[in-house]
1. Residue pairs, Cβ under 9 Å, 6 or more apart or interchain, first in segment 25-37 and closer than 11 Å to residue 109 by Cβ and not assigned by TED's automatic domain parsing to the domain that holds residue 67, second at pLDDT below 95 and acidic (Asp, Glu). List them.
2. Could you check, for segment 149-156, whether at least one of its residues is within 23 Å of residue 268 (Cβ to Cβ), more than 21 Å from the chain's Cα centre (by Cα) and surrounded by 15 or more Cβ atoms within 10 Å (Cβ to Cβ)?
3. Say we look at segment 247-301 and pick out the residues that are within 19 Å of the chain's Cα centre (by Cα) and outside any helix (DSSP H, G or I); which of these is surrounded by the fewest Cβ atoms within 10 Å (Cβ to Cβ)?
4. Any idea which residue in segment 132-182 is farthest from residue 261 (Cα to Cα), counting only those that are charged (D, E, K, R) and not in a loop (DSSP other than H, G, I, E, B)?
5. Here's a check for you: in segment 62-113, which residue that is β-branched (Val, Ile, Thr), within 26 Å of the chain's Cα centre (by Cα) and outside any loop (DSSP other than H, G, I, E, B) is surrounded by the most Cβ atoms within 10 Å (Cβ to Cβ)?
6. What residue, among those in segment 218-246 that are part of a loop (DSSP other than H, G, I, E, B) and in contact (Cβ under 8 Å) with a residue 60 or more places away in the chain, is nearest to residue 142 (Cα to Cα)?
Amino acid sequence: MFDDFANVWTIAGLARDIRKKPVQFRVAGQRIVLFRGSDGRLAALIDRCPHRGVALSLGKVEDGNLVCPFHGWRFTVEGKNCHVPWSPNAKREQLGAIAIPVREAKGLIWLYTGFDPAGEPEPPDTLDAPGVVVSAQSMLWSVHWTRVMENMLDKPHLAFVHRKTIGRGLRTLVGQDMVLNWEERLYGARITSSVGGQNRGGALDFRFPNAMELFIDPPGRILRLLAVCMPEDYNTTRLTIYTMRNFARLRILDPVFRRMNRAIAEEDREIVESSDPPIVPPPELERSVGTDLPTLSFRRIWRSRLRGSSAHQP
């Protein structure tokens, strides 16, 4: 399971979105169902009943247990089978669902794409900074997640793909020398840049394995974007953008930020989806220059720590 994306913590959504009903999402070719137990604890199971393979997410939650919609089998937050209708003598200890490690941290859901995590998630500090509110929106891109991720780390494209929006200020500077720096951190790396010897600001963080935090921060304010590139399957990526801000905090303003983010992401989508091949290739198959340092650094991390990985059911 979770081929090419195993044994990592990844952001799966806003914790407040998981309430009374089970919720399905996909990661690396696997259907996952999220629900809450009677004590409010978050649970994640492979979205497949061990009886006849139907989606447990089509069922309901009763007394904190997930009830299969097909034959009424019930599963606890740990995936244990606690009831088999018509079969009081069934060996329930052998009839459980597959549980996946899941955590709530700083308002986000963190899913482990394996079964025995060596550590815990490392959420960005921005998420619980004083006065910060978080909104989110998702969109599907028809390309491998690595192409989306490296696009999030690529600054040179701003002056061309986003020439009328966030890259407008770079248009007159393209004849100058751009220098990009990759400073490794425990969570991934910090990327900074200069153009013509002048610091351009707008630092961003690569957060292993599949997220980017962009620091916009108008004077005296916090405005940051957390982009998560979730592989749903080989050629489908769910890009989720979390806006973190300490101003314009009313929820009725969330759609304004969503529209701005979606408009910018749409400028990227068609370009990135045209990538051939749709997955990042070996280095010798593409030509690179100095300003590709962040994307090349990400590719090395992907090849050495993620590519070819797999998580097997215990």
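The values are calculated or read from the model by the stated rules, or taken from the named source; none is laboratory data. Predicted, not measured: the structure shown is a model, and the values here were computed from it. For neighbour counting, all protein chains shown are included, and Cβ atoms are generated from backbone atoms with ideal geometry for every residue, glycine included.
1. Every condition considered, no pair remains.
2. Looking through segment 149-156, at least one residue is within 23 Å of residue 268 (Cβ to Cβ), more than 21 Å from the chain's Cα centre (by Cα) and surrounded by 15 or more Cβ atoms within 10 Å (Cβ to Cβ).
3. 279
4. 171
5. Going through the qualifying residues, I end up with 109.
6. Top of the filtered list is 235.
Matching residues to (1) in contact (Cβ under 8 Å) with a residue 40 or more places away in the chain; (2) under 30 Å from residue 297 (Cα atoms); (3) of a type in the set (Asp, Glu):
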site: 49; (1), (2), (3): yes, no, no
site: 61; (1), (2), (3): yes, no, no
site: 76; (1), (2), (3): no, no, no
site: 101; (1), (2), (3): yes, yes, no
site: 132; (1), (2), (3): yes, no, no
site: 136; (1), (2), (3): yes, yes, no
